[in-house]
1. State which entries of A:81/A:140; A:153/A:245; A:81/A:211; A:153/B:234; A:245/B:234; A:81/A:153 exceed 28 angstrom in Cα-Cα distance in the structure shown.
2. Quick one: the Cα spread of the stretch A:11-327 along its three principal axes, in angstroms, biggest first?
3. About its Cα centre, what dipole magnitude does the stretch A:11-327 give when the only charges are +1 on Lys and Arg Cβ and -1 on Asp and Glu Cβ, stated in debye to the nearest 20?
4. So what J values fall out for the stretch A:267-281 if you push phi through Karplus, 6.51 cos²θ - 1.76 cosθ + 1.60 with θ = phi - 60°, rounded to Hz, Gly and Pro as x?
5. If you average over every viewing direction, what projected area does the convex hull of the Cα atoms of the protein assembly as shown give, in nm²?
6. Simple spin-label model, 7 Å along Cα-to-Cβ: residue A:21 to residue B:173 in nm?
7. Using r as the Cβ-Cβ distance of residue B:148 and residue B:222, and R0 as 25 Å, what FRET efficiency do you calculate, to the nearest 0.05?
8. Find the relative contact order for chain A and round it to a whole percent, using C-alpha pairs within less than 8 Å whose residues are 6+ positions apart.
Amino acid sequence: MPSWLNRSQLVLVAALLAAGLAQFFSNHLDSYVLSVAMGVGINIVLASSLNLINGFTGQFSLGHAGFMAVGAYTSAVLTGKLAAQLNPIFGGHVYLLFPFALVVGGLVAAVAGGLVGAPSLRLKGDYLAIVTLGFGEIIKVIFQNVEYVGGAKGLNAIPDYSNLFWVFGTTAITVYTVWALLNSTYGRGFLAVADDEISAEAMGLNTTRYKMVAFVVGAFFAGIAGGLFAHLNNYINPSGFDFNKSIEIVVMVILGGMGRHTGVILSAILLTVLTELLRQFGDYRMVIYSLLLIVLMILRPQGLMVWPFKNPLWFYLKAYWPFRMLARRPTS
Amino acid sequence: MTELLQQVINGLSLGAIYALIALGYTMVYGVLRFINFAHSDVFMLGAFTAFYSSRAMGRWGFASGGFLGGLLVLVISMAACAAVGILIERLAYRPLRKRSTLTVLITAIGVSLLLQNGGQMVFGVNPKAFPNIFPSQTFKLGGLVINSNQLVVLGVALALLTALHWIVQRTRIGTAMRAVSFNATAASLVGIDTNRIISFTFGLGSALAGAGGVLYGMNYPSIEPLMGNSPGLKAFIAAVLGGIGSLPGAALGGMVLGFVETGVSGTRWSTYRDAVAFAILIGILLFRPAGLLGRNRIEKV
C-alpha cells in the first residue's frame, strides 16, 4: 500500500474501480435488474446523506426530497435544454456533460440547503421537522409554477445517462465522504451536537456552523442523487418529490439505525429491493411503512439493522471485519 | 368596500375552523410537549364520520339536512374523533412517555401516515361530495353574499370555544389539565392521575378537530383522505403564531391566519397561498418564537 493512501481511501478507490468494472460488464445484465441496482445505489446516496443530518447531527429534517428535486431539475435542464450551448465547452469530450450537470445540480441543491438551513437550523426537534417539511413543499410548489421546466406536468425526454459506473461511483464517494467526515477531528463535533447541544456549545463548538455544514453537505449529495434519478427514469415531475418521498428516505435511516453507516446502507438496499418485490402490493406500501415506523419506535428505536448486542455469538463475531462495522457507532 | 366585508366574512369562517384545529395542537403540546402530527388526520376522520353518519341517518329515515339532524351528525363526529384520539394516545404515544422527543415525533408521523394511507384504502382515493347536513341557504345583504353554512360555522365554533374555556377554567378536570401543563411531576405529586388527564386532553382536542372537519366539509364540500394535510399545517402555524401552549393564542392565531389566507387568495398571488403561510411560520419562529400570546421558556441544563 502506498504511503499516501490510507486504508479507507484504498477502499474508495477499489469501489470506484469495481463500479467501472460493473459498468464494463453491464450489458450482460437484464435491464430490469440493472435499473433496480441503480435504484439501490441512488437510495444509498439519499439515505447516507440524510443520515449525516438526521442521524449523526441529530437534526430531524423532513425536506430531503426537496433538495433531491432541485438537483434533479438543475441537471436535467443542463443535459436537456442547455445541452446545445454547453457541449462546445467540453470540446470533443461530450461525455463530461453528465458529471458536470450532476455536480452543478448538487451545488445548486447545496445552496438551497444553505438558504433553508440558515433560518431553520436555529429551531429544534419538532419545529425543525415542520419547517423543513414546509420548505420541501415550497420547493415543490415553485417547480409546479415554473413553466420553463414543465410546471405540474413535469419534464420528460431526459437522456438516460445514468449507468452503473456513475451511480455506484457516486455511492462510493458519498459513503466515503460521510464516513471520513465523521471520523475526522472536525467531524466529532457533529456527534457532540447530536448528543448534547448545550454541552457541545459549552465546550466551545460552533453548533450552528456544524448543523449548517451537515445540512449543506447532505443537500449536496441529495441533489446529485436527484440528478442520477432524473437520468435513470428519463422523466421527473414535482409531485414525485413530495412529502412521501422524504418519508421513504427517513424510514431507511430509521430502520438502519440513526447514526450508523452500515445499517443505513443495508436498510436502503433492503427497502429498495423489497419495494420492487412487493410492487403488486404497491397500494399497501405506505401503510406498511407507517406501521413499521410506529412499531419500530415503540419496540426498537435503535433500528433493525443493528446487531443484537446481547447474543453470545455476537461477542466473538463483533471483533472481525464485516461485523465490526455494525457494532460500533463512533462516539465522541 | 363590499368586497372587503365579503373577505372579512370568508376569513372569519375559515379562521374559526383553523382555530378549532389549532386548539388541539396547543392542548396536546401543553401536556406532553410534542406536536401531534396525527391531529390533522383526526380532522379528516371527523369529516368522513359526518359523511357516513349522515348517509346512514338518511337510510334509517331520519330527516337529514334538518338543523337537529345536523347537530346530531356533528356530535357523532366529535365523539368518534375523541375516541380515536384517546385510542391513538393509548396505543402509540403512551408506551413512549419517557423516551426522547425525536422518538415520539417519528411515531406521530407514522400515525399520521397510517391514518392517511389507511383512509385511502378504506374510503377510496377519489374525493367525495360532502352532503348538506345543515339546511343551506344563501342570503344577499346589499352586495354581500352570505351562506347560512358560514353562519353555522361561526356559531358552532364560538359555542365550542366558550365550552372549552368553561371546561379549562371552571371544572375540576380543567384545573387538573392546567396543573399538568404547568408542571407534570408536581401535578402527579398532589394526586392528579396524569395519564387520565392526558387521555382527556387528547379526547378534547380530537373532538374539536372532528368538529373542525365537519365544518370544513360544509364550507368546502369535497372530502378525501389527504384533506387534513393543508388545513392541519395551517392550524399548526396558527398555534405557533398565537404561542403554542396558549389557548387564547391558538384562537387568535387561527383567526389571523384565516384572514391572511383569504386576503392572499383575493390577489393574483393566490397560487402562493401556502408559501405565504409558511413564510409567516418562519418569520414568527425567527423573530418571536414564543408567539403572539405565549411566554418564553428558558432551557436549563
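1. A:81/A:211
2. Extents along the principal axes, in whole Å: 58, 47, 42.
3. On the way: 16 positive and 13 negative charges, 86 e Å.
Value, rounded to 20: 420 debye.
4. My calculation for the stretch A:267-281 gives 6, 5, 4, 4, 5, 5, 5, 4, 4, 5, 5, 9, 4, 6, 9 Hz in order.
5. 33.8
6. Using points 7 Å along Cα→Cβ, the separation is 6.9 nm.
7. Working: r = 19 Å, r/R0 = 0.77.
After rounding to 0.05, the efficiency reads 0.85.
8. 30
The values are calculated or read from the model by the stated rules, or taken from the named source; none is laboratory data. Small disclaimer: the values here were computed from a predicted structure and weren't measured. Heads up, the Cβs are rebuilt from the backbone with ideal geometry, glycines too, and the neighbour counts pull from every protein chain shown. The area values use the complete protein model at the heavy-atom level, side chains included, leaving out ligands, DNA and RNA. Shrake-Rupley method; radii C 1.70, N 1.55, O 1.52, S 1.80 Å.
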